[in-house]
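Input: a single structure, listed below in structure tokens.
What follows is calculated from the coordinates using simple rules that are stated; it is not laboratory data. Source: prediction; values computed, not measured. Quick reminder, even Gly has a Cβ in these numbers, built from the backbone with ideal geometry, and neighbours come from all protein chains shown.
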Amino acid sequence: MVVSFDAAAVRALATILADTGLTEIEIEGKEGRIRVARAPAQMVAATVQTAPAATVAPAAAPVASAPVAAEEDLAKHPGAVLSPMVGVAYLAPEPGATPFIAVGQAVSAGQTLLLIEAMKTFNQIKAPRAGTVTRILVTPGAPVEYGEPLLILE
């Protein structure tokens, strides 16, 4: 089923996001609901939901993602640092700042690796043990799910 939506409204919301620095905005009316979310400097997703007979149609925004099987394998990796919550991942303390970590960097136990914003609160994700960052699996501003692998620490 194809759901019609007001493309101008989606563009207007995306402009508001860009102008204000917000990462997500949602409006609701009699005809339905429109939610637009973005990562810094790029659109992440736009969805439209109609009233009572709710149908969600994702926008055709290109979002790079790994196959589910590969992601599940990384979650089982002994050095995987998993997300303890649902939220938005940030690799630096603020836009334009130096990231907390980089691939190849040695980290100590308890060192801040990244932040996850959940319910307007920034939560520090700390290294569970000392090691070297071999892979960073999230992009700044990307939504993360509970249990999702964030990085590999070896």
Report the label-to-label distance for M119 and E154 in nanometres (one decimal), using points 7 Å from each Cα along the Cα→Cβ vector. 3.8 nm
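Expressed in nm to one decimal, what extension gain is obtained for the pair L22 and K126 from 0.36 nm per residue of sequence separation less their Cα-Cα distance? If you can, show how the numbers build up before the last one.
Values: separation 104, 0.36 × 104 = 37.44 nm, distance 2.54 nm.
Length gained, L22 through K126: 34.9 nm.
Sort D73, D19 so the one with the fewest other Cβ atoms within 10 Å of its own Cβ comes first.
Numbers: D73 13, D19 8.
Arranged by neighbour count, lowest to highest, D73, D19 become D19, D73.
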Stretched out fully, how many nm does the piece from K30 to A7 gain, at 0.36 nm a residue minus the Cα gap? 6.6 nm
In what sequence do V10, V103, V36, V86 fall when counting other Cβ within 10 Å, fewest first? V103, V86, V10, V36
Taking the Cα atoms of the stretch 98-154, what is the range of coordinates along each of the three principal axes, in descending order and whole Å? 30, 24, 19
By counting other Cβ atoms within 10 Å of each Cβ, how are Y90, Y146 ranked from fewest to most? Y146, Y90
Can you find, among L91, Y146, G110, the residue sitting farthest towards the positive end of the charge dipole of the stretch 68-153, where Lys and Arg contribute +1 and Asp and Glu -1 at Cβ? G110
Once amide H atoms are placed 1.01 Å from N in the peptide plane, what residues at a sequence separation of 5 or more from V86, or on another chain, have their amide H within under 5 Å of its amide H? Y146
